[in-house]
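Below is one structure, written out as structure tokens, with a few remarks after it.
The values are calculated or read from the model by the stated rules, or taken from the named source; none is laboratory data. None of the values given here were measured: they were computed from a predicted structure. Neighbour counts are summed over all protein chains in view; Cβ atoms, including those assigned to glycine, are modelled from backbone coordinates with ideal geometry.
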Amino acid sequence: LDEARAEARRTYELDRAHVFHSWSAQAEISPMTITASAGSYVWDGDGNRLLDFSSQLVNTNIGHQHPKVVAAIAAQAAKLCTIAPQHANDARSEAARLITSHTPDGLDKVFFTNAGADANEHAVRMARLHTGRYKVLTRYRSYHGGTDTAINMTGDPRRWPNDHANSGVVHFFGPFLYRSRFHAETEQQECERALAHLDEVVRMEGPSTIAAIVLESVPGTAGIMVPPPGYLAGVREICDRHGIVFIADEVMAGFGRTGRWFAFEHGDAVPDLITFAKGVNSGYVPLGGVVIDAEIAATFDHRPYPGGLTYSGHPLATAAAVATIRAMEDEHVVEHAATIGAEVIGPGLHDLAQRHRCIGEIRGAGVFWALELVADRDSREPLAPYGSSSPAMNETIAACKAGGLLPFANFNRIHVVPPCTVTADEVREGLAILDRALDVADGHLG
Ligand code: PLP
């Protein structure tokens with residue numbers, strides 16, 4: 001064990017000396033060393049086991065080290081590690097077939113990318129070329145990725161230092177009843193007023209200048225706001241009226257996270273382009289992509305699509321996707337996510353809300369839940385300001401970790417986003433740790 005600790009210590013020291021981390025002030029971070037993972041658990045450098053209620057960056061939908069996926073990657077590595085995108089390859093062909101077997105009719109073609117951000121870059125490029133228009137409308141309170149256009153599409157503070165004047169992106173407000181921009185008191189009012197607002201933004205921006213409206217079907221990092229009934233259908237109607245492409249970003253919400261294969265299935269609207277990544281192969285090998293509807297795909301039947309990547313449809317990544325999707329089908333992983341959310345996580349979180357004054361709202365579906373933590377339930381003042389943290393939040397998160405739970409946190413929220421495969425006992429174990437950690441947050445309230 002001492003040897004393992006020494007090795008983990010060396011890993012940490014090399015990291016601090018040579019690894020430059022995402023979104024961070026490099027001198028102010030202290031990354032947790034992870035040495036192993038299995039199912040819903042990870043192990044840190046001191047040998048502590050932590051229950052992973054983050055699914056890392058909400059991507060290990062099938063859990064850590066699923067044996068069928070690990071075996072498929074090893075088998076593909078032995079057979080053919082890499083091949084250029086211009087060739088046809090069995091892993092890529094089968095991954096595309098399996099992905100589109102879960103999308104609505106007409107959405108039958110896949111352009112593979114390396115991750116979610118470049119999936120959004122390409123979806124927007126397709127929409128711009130298809131419509132001959134430039135502008136793109138996206139929500140405040142959204143995340144679409146860290147690359148150039150994707151970060152400009154993002155509606156959170158990570159965009160601010162990356163903004164370009166010529167990005168062509170215009171932001172609008174989506175429905176979020178708990179912090180309603182529209183003075184709404186019911187879901188129906190919020191829905192109607194959010195759609196009227198979007199309609200107005202489209203009118204003011206000039207419908208004939210707008211290539212696409214891009215939405216996370218259920219916004220993820222921004223707070224897991226499941227849209228009210230009718231919202232996605234209303235967006236679809238606005239797009240149809242003006243010839244605007246409807247792009248659903250399913251990078252985080254897709255592949256079982258909400259208890260459906262794709263989160264837009266909760267509404268009655270079908271997008272024109274679907275972007276995906278993360279859950280498609282649980283991130284075992286980087287992979288993302290765009291599912292393209294027939295009309296947009298036809299734009300590029302006799303006109304070359306001006307975009308590509310050396311690793312588009314990489315065999316190791318697509319073989320991992322094939323094994324992941326088959327395992328999810330065979331083991332009824334998506335159905336399990338829906339049931340565990342409805343029967344165990346949701347009721348368990350509502351029970352916590354009865355006992356902790358710091359919980360302002362619980363919302364979510366499947367294995368995709370947010371706890372909105374507040375300093376005051378009446379005023380709904382968040383426990384940390386928008387775009388920032390606070391001692392109360394930091395101490396609560398530290399208490400989760402000390403108790404053996406790895407949470408996903410953003411500003412004043414804790415997200416409960418375990419793998420889709422999480423068991424009822426694991427959920428109960430995690431909620432018990434969260435229960436004790438929330439006492440720390442309660443202690444900060446007046
Ligand atoms: N879109 C959404 C909704 C996401 O949550 C993310 C990542 O968290 C992305 C896009 C970007 O994906 P990636 O980090 O794989 O580029």
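Observations, loosely collected:
- Scanning the stretch 100-114 for residues that are within 16 Å of the ligand (Cβ to nearest atom) and either closer than 14 Å to residue 149 by Cβ or surrounded by fewer than 19 Cβ atoms within 10 Å (Cβ to Cβ) (or both) gives a single hit, 113.
- Complete set of residues in the stretch 50-78 that are under 17 Å from residue 286 (Cα atoms) and within 16 Å of the ligand (Cβ to nearest atom): 55, 56, 57, 58, 59, 60, 61
- Residues of the stretch 372-399 that are free of Cβ contacts under 8 Å to residues at least 60 places away in the same chain and either in contact with a helix residue (DSSP H, G or I) (Cβ under 7 Å, 6 or more places away or on another chain) or assigned to a strand (DSSP E or B) (or both): 374, 381, 382, 384, 392, 395, 396, 399.
- Residue match in the stretch 372-389 (condition: over 21 Å from residue 180 (Cβ atoms) and either surrounded by fewer than 17 Cβ atoms within 10 Å (Cβ to Cβ) or hydroxyl-bearing (Ser, Thr, Tyr) (or both)): yes
- Criterion: aliphatic (A, V, I, L, M), part of a loop (DSSP other than H, G, I, E, B) and either within 14 Å of residue 95 (Cα to Cα) or without any contact (Cβ under 8 Å) to a residue 60 or more places away in the chain (or both) - qualifying residue of 322, 285: 285
- Taken as a whole, the condition of being out of contact with any strand residue (DSSP E or B) (no Cβ under 7 Å at 6 or more places or on another chain), within 20 Å of residue 285 (Cβ to Cβ) and of a type outside the set (Gly, Ala, Ser) applies to residue 98.
- For the stretch 212-231, filtered to residues that are more than 16 Å from residue 201 (Cβ to Cβ) and more than 15 Å from the ligand (Cβ to nearest atom), the residue that is surrounded by the most Cβ atoms within 10 Å (Cβ to Cβ) is 228.
- Only one entry in 280, 333, 290, 322 is within 16 Å of the ligand (Cβ to nearest atom) and farther than 22 Å from residue 211 by Cα, namely 280.
- Residue among 155, 174 that is within 16 Å of the ligand (Cβ to nearest atom) and under 18 Å from residue 267 (Cβ atoms): 174
- Number of the exception - residue 344 against (1) farther than 21 Å from residue 176 by Cβ; (2) in contact with a helix residue (DSSP H, G or I) (Cβ under 6 Å, 6 or more places away or on another chain); (3) surrounded by fewer than 18 Cβ atoms within 10 Å (Cβ to Cβ): (3)
- Residue check, residue 126 assigned by TED's automatic domain parsing to the domain that holds residue 273, in a helix (DSSP H, G or I), more than 22 Å from residue 417 (Cα to Cα) and in contact with a helix residue (DSSP H, G or I) (Cβ under 7 Å, 6 or more places away or on another chain): yes
- Where residue 142 falls short, out of the listed (1) more than 23 Å from the chain's Cα centre (by Cα); (2) among the hydroxyl-bearing types (Ser, Thr, Tyr); (3) under 17 Å from residue 276 (Cα atoms): (1)
- Within the stretch 236-266, tally of residues that are more than 16 Å from the ligand (Cβ to nearest atom) and over 27 Å from residue 420 (Cα atoms): 10
- Selection status of residue 343, outside any helix (DSSP H, G or I), assigned by TED's automatic domain parsing to the domain that holds residue 436 and acidic (Asp, Glu): no
- Test: residue in the stretch 191-205 that is modelled with pLDDT of 95 or more, within 15 Å of the ligand (Cβ to nearest atom) and within 29 Å of residue 408 (Cα to Cα): no
- Count of the stretch 44-89 residues, restricted to those that are in contact (Cβ under 8 Å) with a residue 40 or more places away in the chain and at positive phi, is 5.
- Restricting the stretch 273-324 to residues that are among the hydroxyl-bearing types (Ser, Thr, Tyr) and buried (at least 20 other Cβ atoms within 10 Å of the Cβ), the residue that is nearest to residue 240 (Cα to Cα): 275
- Meets criteria (within 16 Å of the ligand (Cβ to nearest atom) and of a type in the set (S, T, N, Q)) for residue 166: no
- Residue 14 passes every criterion in (1) part of a helix (DSSP H, G or I); (2) surrounded by 11 or more Cβ atoms within 10 Å (Cβ to Cβ) apart from (2).
- Of all residues in the stretch 152-189 being touching a strand residue (DSSP E or B) at 6+ places or on another chain (Cβ under 8 Å) and in contact (Cβ under 8 Å) with a residue 60 or more places away in the chain, the one that is nearest to residue 124 (Cα to Cα): 153
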